[in-house]
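Participant: A single structure is presented below for examination.
The values are calculated or read from the model by the stated rules, or taken from the named source; none is laboratory data. Bear in mind the structure is a predicted one, so any value in this text is a computation, not a measurement. No Cβ is skipped: glycine too gets one built from the backbone with ideal geometry, and neighbour counts run over all protein chains shown.
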Amino acid sequence: MNPVSTPSVFVGIDVSKARLDVCIVAETQACFSVDNSAAGVAELVSRLRLIAVTRIVIESTGRYSRLVAAELCAASMPVCVVNPRQARDFAKSLGRLAKTDAIDARSLAEFARVAGLRVSEKQPENQAILDDRITRRRQVVQMLVMEHNRTEGVTDKLTIGHIKKVIRLLEQQREDLDREIAKLIDADDDWRKRRDALVSVPGIGQSTASILVTDLPELGKLNREQIAALVGVAPINRDSGTLRGKRGIFGGRPHVRATLYMATLSAMRFNPTIKAFADRLREAGKAFKVIAIACIRKLLTILNVMLRDNQPWRNPCLAKNA
């Protein structure tokens, strides 16, 4: 007599500001919605506890998805937080061009069934606060760039004075945020340990390390191909038949990639490993953008290995002379 197999159950949750649309796909399909509030999330968790869920998929929508993702992780449920673009591309591949909350929830449930997604880890207690402060710092830096650009071509002294006042205010906010971010990281043993290891690498400063701690928690937990793809610096083939197109990069986490780009420009000058690597590529006649992306990938691999093996930066030149 053959044993009775339990059907897999996949859940898709479409998140909006006021509501959570839920679709459960197993042998049959069930849909319902709850409020995106503490009471609504508690009701959702209670209902999902009654079934053996295989995977739950939620789109990453910033602050609107934090509560439900955190509560599901706290309940030890297999929740996966995914990039909205990936989920939308999957829906389009099924021919679903229409977009409603119910359709999106169903597509997410089906995405969970076929994608083999990695379960998200439970976030530290102050993760949401750190995310908000890192995001705010990024916004302040963007506004600083815009204000500096506004000074170009302006001759009126009053206008220039007003712009400079805003610049001083934004610079003060950036410094305040840096201090508060550092305090949060110092208060968490794991964050502090990861940051201290990262800043030991020539080219990685305090702000870069803070962003990597916050926006790239997978660093040190994946292999080099996976972490490069996650950041968006893995070369993607564009071949078809006899055509061999140029490889390029696509997707990933643009904020992390932009941060690593600026850090890499410094590392190409002051980090002996990255500088030697860049020099070899330059001598081989590679274009600057190709060199920069390759150096980002090299630096990212080094950081990944350091955190994986719990090792600080070691200058290879000093190691050879030892």
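Participant: Can you say whether ARG138 is under 26 Å from PHE270 (Cα atoms), within 22 Å of the chain's Cα centre (by Cα) and surrounded by 14 or more Cβ atoms within 10 Å (Cβ to Cβ), as far as the supplied structure shows?
Facilitator: Details: under 26 Å from PHE270 (Cα atoms): yes; within 22 Å of the chain's Cα centre (by Cα): yes; surrounded by 14 or more Cβ atoms within 10 Å (Cβ to Cβ): yes.
For ARG138, the condition - under 26 Å from PHE270 (Cα atoms), within 22 Å of the chain's Cα centre (by Cα) and surrounded by 14 or more Cβ atoms within 10 Å (Cβ to Cβ) - is met.
Participant: Going by the structure shown, is PHE250 exposed (fewer than 12 other Cβ atoms within 10 Å of the Cβ), under 15 Å from ILE204 (Cα atoms) and not hydroxyl-bearing (Ser, Thr, Tyr)? Walk me through how you get there before you give the answer.
Facilitator: Values: exposed (fewer than 12 other Cβ atoms within 10 Å of the Cβ): yes; under 15 Å from ILE204 (Cα atoms): no; not hydroxyl-bearing (Ser, Thr, Tyr): yes.
For PHE250, the condition - exposed (fewer than 12 other Cβ atoms within 10 Å of the Cβ), under 15 Å from ILE204 (Cα atoms) and not hydroxyl-bearing (Ser, Thr, Tyr) - is not met.
Participant: Would you call ALA234 touching a residue at least 60 places away in the same chain (Cβ under 8 Å) and either within 24 Å of GLY205 (Cα to Cα) or touching a strand residue (DSSP E or B) at 6+ places or on another chain (Cβ under 6 Å) (or both)? Before you say what the answer is, go through the steps one by one.
Facilitator: On the way: touching a residue at least 60 places away in the same chain (Cβ under 8 Å): yes; either within 24 Å of GLY205 (Cα to Cα) or touching a strand residue (DSSP E or B) at 6+ places or on another chain (Cβ under 6 Å) (or both): yes.
It is true that ALA234 is touching a residue at least 60 places away in the same chain (Cβ under 8 Å) and either within 24 Å of GLY205 (Cα to Cα) or touching a strand residue (DSSP E or B) at 6+ places or on another chain (Cβ under 6 Å) (or both).
Participant: Right, something else. Looking only at the range 276-291, decide whether some residue is in contact (Cβ under 8 Å) with a residue 40 or more places away in the chain, closer than 15 Å to LEU260 by Cα and either surrounded by 12 or more Cβ atoms within 10 Å (Cβ to Cβ) or outside the structural domain of ALA234 (by TED's automatic domain parsing) (or both).
Facilitator: Narrowing the range 276-291 to residues in contact (Cβ under 8 Å) with a residue 40 or more places away in the chain: none.
No, the range 276-291 contains no residue that is in contact (Cβ under 8 Å) with a residue 40 or more places away in the chain, closer than 15 Å to LEU260 by Cα and either surrounded by 12 or more Cβ atoms within 10 Å (Cβ to Cβ) or outside the structural domain of ALA234 (by TED's automatic domain parsing) (or both).
Participant: Still on this structure, I have one more. Pick from LYS193, LYS221: which is out of contact with any Cys (no Cβ under 8 Å at 6 or more places or on another chain), surrounded by fewer than 17 Cβ atoms within 10 Å (Cβ to Cβ), at pLDDT 90 or above and in the same structural domain as LEU303 (by TED's automatic domain parsing)?
Facilitator: Details: LYS221 fails: at pLDDT 90 or above.
Sole residue among the options that is out of contact with any Cys (no Cβ under 8 Å at 6 or more places or on another chain), surrounded by fewer than 17 Cβ atoms within 10 Å (Cβ to Cβ), at pLDDT 90 or above and in the same structural domain as LEU303 (by TED's automatic domain parsing): LYS193.
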